[in-house]
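Scroll down for the structure; my scribbles are underneath it.
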Amino acid sequence: DLEIGFNAKFLIEMLSNLSGEEVTLELSTPNRAGLLIPQTNDENEDVLMLVMPVMLNNYN
């Protein structure tokens, strides 16, 4: 299982600046940045966004 957390304010800010409605979120490990890749881009623009994970308090 992969347990990872992100700051919602950063995600909302990133998503609100995209023109399309679909993104891919690529994750590898909990301590590495997540990659947000828009599924639709302008022809003259390549967009790749990084979002760093935040520490989670696990209450098991």
- Here are some conditions: (1) more than 10 Å from the chain's Cα centre (by Cα); (2) modelled with pLDDT under 90. LEU48 meets all but one. Which one does it not meet? (1)
- Item | Qualifying positions in the range 38-47 - surrounded by 10 or more Cβ atoms within 10 Å (Cβ to Cβ) and farther than 17 Å from ILE12 by Cβ | GLN39, THR40, ASN41, ASP42
- Hey, LEU18 hits all of (1) exposed (fewer than 13 other Cβ atoms within 10 Å of the Cβ); (2) aliphatic (A, V, I, L, M); (3) in contact (Cβ under 8 Å) with a residue 12 or more places away in the chain but one; which does it fall short on? (1)
- Message: Can you say whether LEU11 is free of Cβ contacts under 8 Å to residues at least 24 places away in the same chain and under 13 Å from the mean Cα position of the chain (by Cα), as far as the supplied structure shows?
- Response: no
- Message: Pull out all pairs, ordered by first then second residue, where Cβ-Cβ is under 9 Å, the residues are six or more apart or on different chains, the first lies in the range 33-60 and is closer than 15 Å to GLU3 by Cα, and the second is part of a loop (DSSP other than H, G, I, E, B) and among the basic types (Lys, Arg).
- Response: MET52/ARG32; PRO53/ARG32
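The values are calculated or read from the model by the stated rules, or taken from the named source; none is laboratory data. Small disclaimer: the values here were computed from a predicted structure and weren't measured. In this analysis, Cβ positions are derived from the backbone assuming ideal geometry, glycine residues included, and neighbour counts consider all displayed protein chains.
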